1. For the stretch 3-333, what is the charge dipole size about the Cα centre, in debye to the nearest 20, if Lys and Arg each add +1 at the Cβ and Asp and Glu each add -1 at the Cβ?
2. Do the sum for the chain: with -39,500 (n - 2.57) for every DSSP H run of n ≥ 4, divided by all residues, what is the mean residue ellipticity at 222 nm, to the nearest 500 deg cm²/dmol?
3. Using only Cα atoms, tell me the angle between helix 154-163 and the longest principal axis of the chain; keep it within 0 to 90° and round to the nearest 10.
4. What shape does the stretch 38-104 take by its C-alpha gyration tensor, where a ≥ b ≥ c are the square roots of the eigenvalues and a/c under 1.5 counts as rounded, a/b above b/c as prolate, and the rest as oblate?
5. Mind checking the angle between helix 115-131 and the chain's longest principal axis? C-alpha axes, 0 to 90 degrees, to the nearest 10.
6. Residues of the stretch 260-281 with backbone nitrogen within less than 19 Å of a virtual label 7 Å along the Cα-to-Cβ line of residue 331, please, listed as ranges.
7. Starting from the 7 Å offset along Cα-to-Cβ, what nm value, one decimal, do you get for the label separation of residue 95 and residue 42?
8. Report ³J(HN,Hα) in whole Hz for each residue of the stretch 93-108, in order, from the Karplus equation J = 6.51 cos²θ - 1.76 cosθ + 1.60 where θ = phi - 60°; Gly and Pro get x.
Amino acid sequence: MKPREIFLRALKRQEVPRPAVGSATSIVTMDLMDATGVSFPEAHLDAARMAELAAAGHTIIGFDNVMPLFSVWHESAALGCPVEWGERSRMPDCRGGICVIEEEIKIPTDLLTREGCRVPLEAIRLLRRRFGDEVAILGKVFGPWTLGYHLFGVEEFLVNTLLKPTAVRRAIDTLKEVAVLFGRAQIDAGADALCLGDHATRDLCSPEAYRDFLQAVHGELNERIPCPLILHICGDTADRLPYIRETGIDCFHYDSRVPDTAARRLAGQRLALMGGTGNIAVIRNGGEEEVVRDVESKLAGNIDILGPECAVPLDAPFGNLKLLSETVKNVGAW
Ligand SMILES: [Zn+2]
């Protein structure tokens with residue numbers, strides 16, 4: 001079975017000859033930039049370089065999927081956020097806060113042809129042409145909660161979930177359309193599935209706020225975007241997993257702060273689980289022993305797609321990602 005099929009079947013919890021291995025978030029490290037000859041920040045802004053660096057997720061690391069949107073800022077840049085695209089050793093960033101909550105947000109009619117969207121769409125097309133049906137191609141969109149942080153500023157957005165919940169709901173209703181538009185365009189460009197990043201993390205969003213503001217919206221995005229979705233939320237999400245599993249979304253990309261067996265218990269038997277490998281303890285600071293022990297823990301927890309919990313730190317060695325991938329592929333021989 002080809003890596004693409006293994007990945008896509010694992011996303012649906014269908015039978016696979018071995019667990020899938022891959023990432024929904026950035027796998028780029030500085031030593032991977034050296035190995036490919038492609039660096040940040042160019043890889044955020046040039047489709048050919050973006051595709052080349054993403055391809056290394058399969059050709060060098062051995063993952064079953066590739067994912068070219070390394071930054072969280074693409075559609076926000078297209079929406080008008082003045083993004084600073086960082087450097088080789090620093091991810092892009094932006095102060096955000098370009099809108100106020102009372103004002104209506106206007107989605108630009110040329111959103112998809114603006115650089116922030118156009119470049120990753122072209123990179124997905126290049127990856128599809130290169131890999132055909134061999135490797136799964138994952139795209140990425142951000143949900144209205146993360147886009148709210150970006151457009152209004154984190155503090156302004158969060159304060160208003162309490163002070164002006166009606167205005168926040170209206171903003172969420174507009175911003176979810178960005179995910180639909182950009183998501184459908186990525187599918188047209190060749191994406192097999194999409195990561196839906198929405199940073200409703202425990203320190204910034206209570207489980208009740210997740211239920212009241214986002215659960216139905218995530219369910220709606222799942223209905224309206226015609227491909228499997230992988231919801232990504234960092235941090236300890238144990239208190240909202242029972243809500244997430246009711247959204248109908250196929251897969252949840254979880255953080256190592258949720259223990260593997262607890263994640264499976266809370267996710268139930270329908271929701272696939274991906275990620276969960278600690279970026280600091282295992283990927284950056286670990287060695288063979290930590291990687292193998294981590295894979296064993298994932299298998300015991302019936303995790304469907306093994307891989308890093310979130311964007312890999314730029315100063316981690318990609319050798320540990322490769323080791324993770326090799327270990328998973330040898331599982332059948334255990
Ligand atoms: Zn994350």
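Read-outs: derived from the displayed coordinates by stated rules, not from any lab. This structure is a prediction, so every number in the text was calculated from the model and none was measured. Quick reminder, even Gly has a Cβ in these numbers, built from the backbone with ideal geometry, and neighbours come from all protein chains shown.
1. Dipole about the Cα centre, nearest 20: 640 debye.
2. -13000 deg cm²/dmol, from helical runs alone.
3. 60 degrees
4. On the way: a/c = 3.08, a/b = 2.20, b/c = 1.40.
It is prolate, given that a/c is not under 1.5 and a/b is the larger ratio.
5. Helix 115-131 sits roughly 30 degrees off the main axis of the chain.
6. Within reach of a label on residue 331, which here means backbone N under 19 Å from a point 7 Å along Cα→Cβ, the stretch 260-281 contributes 260-279.
7. Output for this residue pair reads 3.0 nm.
8. Each residue of the stretch 93-108 in turn: 8, 6, 6, x, x, 9, 10, 10, 5, 6, 8, 6, 8, 9, 7, x Hz.
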